[in-house]
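The values are calculated or read from the model by the stated rules, or taken from the named source; none is laboratory data. The shown structure was predicted, so the numbers you read here are calculated from the model rather than taken from an experiment. Neighbour counts run over all protein chains shown; Cβ positions are idealised from the backbone, glycine included.
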Ligand SMILES: [Zn+2]
Ligand SMILES: [Zn+2]
């Protein structure tokens, strides 16, 4: 529900890259954005519903959801999140925008929960579930106007995923850029130009071998996937400097939750190329940006 204009801010709800979780460790990717009086969710990885609550917001505060791509660490909890908002008293429509294929996820979720949804509509008088949510596609050709917040998408470089997007949100002179999952991409520099905050994924290649060994998948495919489709932290620093962003936040960290990798390692990788304010993402971190920050 649109409220009077508030300070633009992001809450990094989940900051780890990849779908696996470990006891006491960080959770997969989701980011809350408050901008132009709206509360927007970018990605819905496992743990998102609990994390929104921990940030002090009811699930019914959501105004729209944007899904950057269909890897499970970005979409696994989308259905459970919105179903729980519905049972929590959601009355307004929440549009969902994602890559082509998001409708298949959504239809599958509706199918999986068909019995419960029909039962609660009939037995508890809940509003019709289907009418509360609409599905739209992100496109790099056509920005979306969300009640005055302009959302632009840029196809990023996340092989072998065909439809994967970086996002830019603009309102009242405030600009937020989010890389999504991507290898370093020169066109990100123009896309994120002069942004108040760039939230960019990052990996430390020297730490990746150790997590792949721990997974024990038996061959090199996971290692090769990670190295070719994600961004080394030093490259992220160069992109942020090239774009002239006013602040940089690292998220979707690979590795994450590894006691051998500390905030100092991330800073050491980024700071030689980028001298501006740097936030090394942690679950629950709040970062204000734009006018008034
Ligand atoms: Zn991911
Ligand atoms: Zn991905």
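Tabulated data
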| read-out | value |
| --- | --- |
| Test: residue in the range 16-33 that is touching a helix residue (DSSP H, G or I) at 6+ places or on another chain (Cβ under 6 Å), within 16 Å of ligand 2 (Cβ to nearest atom) and outside any loop (DSSP other than H, G, I, E, B) | yes |
| Given (1) without any contact (Cβ under 8 Å) to a residue 40 or more places away in the chain; (2) farther than 25 Å from residue 292 by Cα; (3) out of contact with any strand residue (DSSP E or B) (no Cβ under 6 Å at 6 or more places or on another chain), number of the condition residue 143 does not satisfy | (3) |
| Residue count, the range 165-183 (criterion: under 18 Å from the mean Cα position of the chain (by Cα), surrounded by fewer than 24 Cβ atoms within 10 Å (Cβ to Cβ) and assigned to a loop (DSSP other than H, G, I, E, B)) | 1 |
| Residue in the range 79-101 that is farthest from ligand 1 (Cβ to nearest atom), counting only those that are assigned to a loop (DSSP other than H, G, I, E, B) and touching a strand residue (DSSP E or B) at 6+ places or on another chain (Cβ under 7 Å) | 93 |
| Flag if residue 280 is within 16 Å of ligand 1 (Cβ to nearest atom) and closer than 23 Å to residue 169 by Cα | no |
| Of all residues in the range 56-78 being under 21 Å from residue 91 (Cα atoms) and part of a loop (DSSP other than H, G, I, E, B), the one that is nearest to the chain's Cα centre (by Cα) | 77 |
| Filtered residue count, the range 184-213, keeping only those that are more than 19 Å from residue 278 (Cβ to Cβ), within 16 Å of ligand 2 (Cβ to nearest atom) and assigned to a helix (DSSP H, G or I) | 3 |
| Selected residue (only one of 242, 237 is buried (at least 19 other Cβ atoms within 10 Å of the Cβ), part of a helix (DSSP H, G or I) and at pLDDT 95 or above) | 237 |
| Total residues in the range 224-234, condition crowded, with 18+ Cβ neighbours inside 10 Å and touching a helix residue (DSSP H, G or I) at 6+ places or on another chain (Cβ under 7 Å) | 4 |
